[in-house]
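Below is one structure, written out as structure tokens, with a few remarks after it.
The values are calculated or read from the model by the stated rules, or taken from the named source; none is laboratory data. Bear in mind that the values here come from a model prediction, so they are computed numbers and not experimental data. Virtual Cβ from ideal backbone geometry, glycine too; neighbours counted across all protein chains shown.
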Amino acid sequence: MSASMVNHMTPQATDPARLAVLEAYGILDTVPEQGFDDIVQLAASVCATPVALVSLVAADRQWFKARVGFPARETDLNSSVCAYALTAPDLLIIPDLTADPRTRTNPLVTGDPCIRFYAGVPLRSPEGHALGSLCVIDTTPRPGGLTSEQADNLRRLARHVMALLNERRQLVRLRISEDRLSNAFARQVALTEIGDHLRDLSTIPQMSAAASEIVGRTLEASRAGYGELDTTGAVIEILADWSPPGARTLLGRHRFADYGSLGPVVARGETLVIGDVTDDPLTADDARTFRRFNIQALLNVPIQEHGRTVAMLYVHDIKPRDWSPEEVVFVRNVADRVLAGVARLRAEEQQSTLNSELSHRMKNTLAMVQAIATQTMRNAVDLDAAQNTLSARLIALGRAHDMLLDQTGASADLAEVLREALAIHDDAQVGRLQLEGPAVKVGSKAALSLALVIHELATNAVKYGALSTADGYVQVRWSIEPTDMRATLHLRWSEHGGPPVTPPQRRGFGSRLIERGLAGSIGGEVALSYPPEGVVCEVSAKLAEIEADA
């Protein structure tokens, strides 16, 4: 075929709009049908030719829906005469193919079956696109072409061909509409099923497995799964990976860096739709990696919380696939439902933990209150004084509780614990209570015990010690001493400027509470000493025990 012939023919044959219309008929490579076969028999008989064809011109070939007197089912465009009929306004007649510059070098003219005469009527769609032709062919030239009656009958038969083709396109459209309706119904049923599962299941792996299976089955995919990202967003751990039996699983941890440029897209929370990993710029360089897992097409839907991608729902196909907008919306809806279900489970777990912690803390507090009340009142001579002492101790305990609730309920800063324990005392002491030390988080149990210890020390200082005089003051200093095994907190209470101190003749409950309070709760050591210049209390405890929540 000459270069001029290619240039003349190709633009019409490869016109995208024309090819799209031809594709919509769903006719190429279909089995023979009686209606089309009858038409070519009539065309050959009416025109008295040995050959008649219903020829459809695709991008790289001409294919015959019906044929008589011609053995081949299709030819390449190099052998096509019907391609010239695409631009003909009406019936195209070439009396002698060897004499026409368009066809004299055609392989079907220069070689078998040595065709010489051609007459073809363009087959035009309602949109005006020529799909091919109904043609008749002879092996001898026909200088006179067709009679007017033959030409008119060939046009009529071509209209019958188009009527059959248009009926077929309507059936294709109806079938597509039915398929879409059926698929839409299936997706709606799937969403209902997922809602039922997510409501009844009680763990995140169960939820993700149920959602993955339903998505995979509904979309007839080769794989569907769910994974959660680590805090860096660079690694995803696949918790559920549904696929047909025998397929390779993706369960486990994966780095996005091993799969092309997907990581940044997922991190931004963008839905990723790839019809063919071989062609897409995000995956083409790593297509071999995807094919190792039988992934040719993929759909990734990130799940975000507070602007950060925390999980991803994905769907894979073993072959190239055009994901429809409806399928993308469906997976997005499933992802939203999984997010809501996971949030519900985590809220329930958190509430259960809080309830358990509250119950545990209440029991400990009530036991502590009972012990304080019993010991305070046991040997009381002055009931009013005993009641005042008990009230002050309970207020100190209550302040410690309030402080813990204000600071997340689990831990508080050591300096705040000390300030709250000392706050019950007269405001005139402000500036005479000196606190110094690094930031230390104190767990709930240690906070309550420390608050009581400091309260008792301050009460004694106000009554008998440094805070009972105008010039006295108290220093509370603490430090952390690193050790080979575990760090230790050291706290020292020292009184200065008060009256001379003499060791007590007997130890009351207050002293026992100071010495044993911390040891009983977290295993710390408390040592009281009574140098003349002022009472000293030294506390030592493992930092891990101080920081423990319970």
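The figures follow:
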| item | result |
| --- | --- |
| Set 256, 185: member being touching a strand residue (DSSP E or B) at 6+ places or on another chain (Cβ under 9 Å) and either outside the structural domain of residue 320 (by TED's automatic domain parsing) or surrounded by 19 or more Cβ atoms within 10 Å (Cβ to Cβ) (or both) | 256 |
| Residue 105 β-branched (Val, Ile, Thr), surrounded by fewer than 19 Cβ atoms within 10 Å (Cβ to Cβ) and touching a strand residue (DSSP E or B) at 6+ places or on another chain (Cβ under 9 Å) | no |
| Residue in segment 184-198 that is over 22 Å from residue 342 (Cα atoms) and either in a strand (DSSP E or B) or in contact (Cβ under 8 Å) with a residue 60 or more places away in the chain (or both) present | yes |
| Any chance residue 28 is under 27 Å from residue 128 (Cβ atoms), assigned to a loop (DSSP other than H, G, I, E, B) and assigned by TED's automatic domain parsing to the domain that holds residue 135 | yes |
| From 221, 211, 247, 257, residue being outside any helix (DSSP H, G or I) and touching a helix residue (DSSP H, G or I) at 6+ places or on another chain (Cβ under 8 Å) | 221 |
| Leading residue by the ranking (modelled with the highest pLDDT) among those in segment 443-487 that are in contact with a Ser or Thr (Cβ under 6 Å, 6 or more places away or on another chain) and farther than 19 Å from residue 530 by Cβ | 481 |
| Residues within segment 529-546 that are among the charged types (D, E, K, R) and surrounded by fewer than 17 Cβ atoms within 10 Å (Cβ to Cβ), tallied | 2 |
| Residue check, residue 291 at pLDDT below 80 and either loosely packed, with under 15 Cβ neighbours inside 10 Å or hydrophobic (A, V, I, L, M, F, W, C) (or both) | no |
| Hey, residue 12 surrounded by fewer than 19 Cβ atoms within 10 Å (Cβ to Cβ), assigned to a helix (DSSP H, G or I) and either modelled with pLDDT under 90 or not assigned by TED's automatic domain parsing to the domain that holds residue 86 (or both) or not | yes |
| Residue 227 being under 13 Å from residue 315 (Cα atoms), in contact (Cβ under 8 Å) with a residue 12 or more places away in the chain and within 18 Å of the chain's Cα centre (by Cα) | yes |
| Residue 323 vs. criteria buried (at least 21 other Cβ atoms within 10 Å of the Cβ), among the aromatic types (Phe, Trp, Tyr) and more than 15 Å from the chain's Cα centre (by Cα) | no |
| Some residue of segment 66-84 being surrounded by 14 or more Cβ atoms within 10 Å (Cβ to Cβ) and at positive phi | yes |
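Conditions tested, residue by residue: (1) within 22 Å of residue 277 (Cβ to Cβ); (2) at pLDDT 70 or above; (3) hydrophobic (A, V, I, L, M, F, W, C); (4) in the same structural domain as residue 212 (by TED's automatic domain parsing).
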{"position": "332", "(1), (2), (3), (4)": "yes, yes, no, yes"}
{"position": "338", "(1), (2), (3), (4)": "no, yes, yes, yes"}
{"position": "341", "(1), (2), (3), (4)": "no, yes, no, yes"}
{"position": "350", "(1), (2), (3), (4)": "no, no, no, no"}
{"position": "358", "(1), (2), (3), (4)": "no, no, yes, no"}
